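Just so it is clear, none of the values below were taken in a lab; they were calculated from the coordinates. Remember, it's a predicted structure, so these values are computed and weren't measured experimentally.
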């Protein structure tokens, strides 16, 4: 009887250990969806248009992959790349790009040489249910503060939708 209990316990421990090892082989990720990303980018363009600015808005997921990219009719083609790089900077630091720029001026020049990143104001993180699900980058307004304001207005307009994009 004691031998059977030991064998059963060992078998159970082996099964539980196997499950935990297998669980580490897969990853569940919480990311921004295409529709929400598109709508955030669209709202940012509209917010800047109201102020007379023609910008590009790029929304990336939590790993920096582009989910939506929009360039207003009169915005320079270069604004798309700059907006994406601002969003990527936000993902890399997981703080708004303007706050990172102020906090880490000591490494700004080095980071600007990394492909896909730029330390400039105009990138904001997108958070839902306590999870960083992506970031938006804006470029084209006359100053990073105005880029950030357009992004902020878009996130504010869609705040309820963003808040409930992920229910725990």
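Quick notes on this structure:
- Length available on full extension from residue 77 to residue 51: 0.36 nm per residue minus the Cα-Cα distance, which gives 7.4 nm.
- One decimal place: the segment residue 35-residue 163 gains 44.6 nm when fully extended, by the rule 0.36 nm per residue minus the C-alpha distance.
- Cα Rg, Dmax (largest Cα-Cα span) when computed across segment 34-163, Å: 13.0, 37
- Computing Rg and the Kirkwood Rh from the Cα coordinates of segment 97-163 gives a ratio, Rg/Rh, of 1.01.
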